[in-house]
1. Work out the charge dipole of the chain with +1 on the Cβ of Lys and Arg and -1 on the Cβ of Asp and Glu about the Cα centre, then indicate which of MET324, ALA394, GLY293 is farthest towards its positive end.
2. Could you check the spin-label model distance between ALA437 and SER135? Points 7 Å from the Cα along Cα→Cβ, value in nm.
3. What is the helix-to-structure angle for 11-21, meaning the angle in degrees between its Cα long axis and the longest Cα principal axis of the chain, kept from 0 to 90 and rounded to the nearest 10?
4. Between ASP387 and ASN181, what length in nm is gained on full extension when 0.36 nm per residue of separation is reduced by their alpha carbon distance?
5. I need the semi-axes of the equivalent ellipsoid of the chain: take the C-alpha gyration tensor, multiply each eigenvalue by 5, square-root it, list largest first in whole angstrom.
6. Once you have all Cα-Cα distances for segment 347-405, histogram them in 5 Å bins from zero and send the whole-percent values.
7. One-quarter of the Cα convex hull surface for segment 89-217, in nm²?
8. Hey, what does the equivalent ellipsoid look like for segment 2-231, semi-axes from the Cα gyration tensor as sqrt of 5 times each eigenvalue, largest first, whole Å?
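The values are calculated or read from the model by the stated rules, or taken from the named source; none is laboratory data. What you see is a predicted model, and the numbers here were worked out from it, not measured in a lab. A quick note on method: Cβ atoms are made from the backbone with ideal geometry, for glycine too, and the neighbour counts reach across all protein chains shown. Protein only, heavy atoms only, side chains kept; ligands, DNA and RNA dropped before computing areas. Shrake-Rupley method; radii C 1.70, N 1.55, O 1.52, S 1.80 Å.
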Amino acid sequence: MFGVRGNDVDAARLTYFGLFALQHRGQESAGIAVSDGDNITVYKDMGLVAQVFDETVLAGLGGDLAIGHTRYSTTGSNRWENSQPVFRHLGSNGIALAHNGNLTNTATLAAEVGPVAATTDSELMTEAIADAMQSGELSLDEALTTVLPRFEGAFTLAVMDSTTLVGVRDPHGFRPLCLGNLGDTWVIASETAALDILGADLVREIEPGEMVIVDDHGPRFVNPFPKSKSSLCIFEFVYFARPDSTLLGRNVHTKRQLMGRLLAEQAPVEADVVVPVPESGIPAAQGFAEVSGVPYSDGLVKNRYVGRTFIQPAQEMRDRGVRMKLNAMPSVIDGKRVVLVDDSIVRGSTTKQLVAMVREAGATEVHLRISSPPYRWPCFYGMDTGDRSTLLAADRSVDEIASHLDVDSVVYLTLENLTRATRSDPDAFCTACLTGAYPTEVPLADSKFLLEQPS
Ligand code: AMP
């Protein structure tokens, strides 16, 4: 998610580059809404940023103010109607909204907002904001101040009318958002890496519960929510965010290396080679090799032109995706006791196939080391990890996981070591996927695990 407001800038082009840097956050669809000061134009389509936009399209998107989005579907199906930004007409103009996260009170909100053609929580939010602007004759930021407290769950937003850019982080701050500056141009982005690509300076991360409004006078900050405990998704540190981004003031890559170092201290093993699962396992494998003294080698090769297999929603596509993406090298692995390092196991389908590949390449032993704790609980805040029944660790002991994956041993980083590695307050995170302790009420009622209690 990205937004920019400047003077005499090509806002859509800047947004294109911002989205390009944020492609990893969603690969299903991409879109930009741009305003020339009077009218908002939205262009969006299914596909990667570079597939959706070209010179001709960008040339038709003139204006100083824009927001953009790459979609990774968690609710609503994978189709054009659900791509973002969402646009809603309002009088002679309108508002556009881009959303990262998932609401957890969608049903309540839908009942309040009344019948709309929405199939996503993002459209519902847009509708609620537009309603408030219309019925109360409110400006965009006034309407947001009134309406935002009615939303629950994860919602980092970029919203615009024809003249104003607004960035919002929900009171828990599940998803990140930062503010950057380039001369008199102001930028909001899900991750700091998107500022780097533009040469913009990081002003600061937007705080949980904070709203930044950028108009002719530059940015101002408002706190429309009652105070809540901050709960940044720990998986942003583990897997999701780019390694070159900064979260809670810390570089993500070095913290991932530290996770690997702590994992080596926690679970040493006699072995000949440390092999990362590229690319997500690389920094932790580096840290593991450094501390254990076992040599690091790239025994799995990744095809650079295939995206994250996991992000494509259909299971059938995921299964095929692994072979398309990775290949094992016997020259590194044959006859060796291998420590295979990855950041996480979610469904286990990728990992199982990888282990088989490593054995086929001649490994005599495979010891799996995972730089996060077992992923046991579904995410309601924007990670597409599916129902609890699909999670490998939901109901399995570590021994059962080892035999399911056919490894000689598997050790997960403890939660204590994980939060230690982030060098941040352990209470600053949402760890619900690991612990079942959800920071908000969640619609577990919709799931067949309603009666199960977090352990
Ligand atoms: P699997 O063994 O099928 O659960 O896949 C594990 C792989 O998925 C690991 O390499 C992780 O880096 C990656 N992964 C973890 N969480 C996510 C996510 N939310 N989206 C996409 N990939 C993920």
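1. Most positive-ward Cα: GLY293.
2. Going by the 7 Å Cα→Cβ label model, 3.9 nm.
3. Compared with the principal axis, the helix lies near 10 degrees.
4. Working it through step by step, the gained length comes to 70.1 nm.
5. Output for the chain: semi-axes of 39, 23, 20 Å.
6. For segment 347-405, the pair-distance distribution reads 4, 16, 25, 25, 15, 10, 5, 1, 0.
7. 8.1
8. Semi-axis lengths for segment 2-231 are 23, 20, 18 Å.
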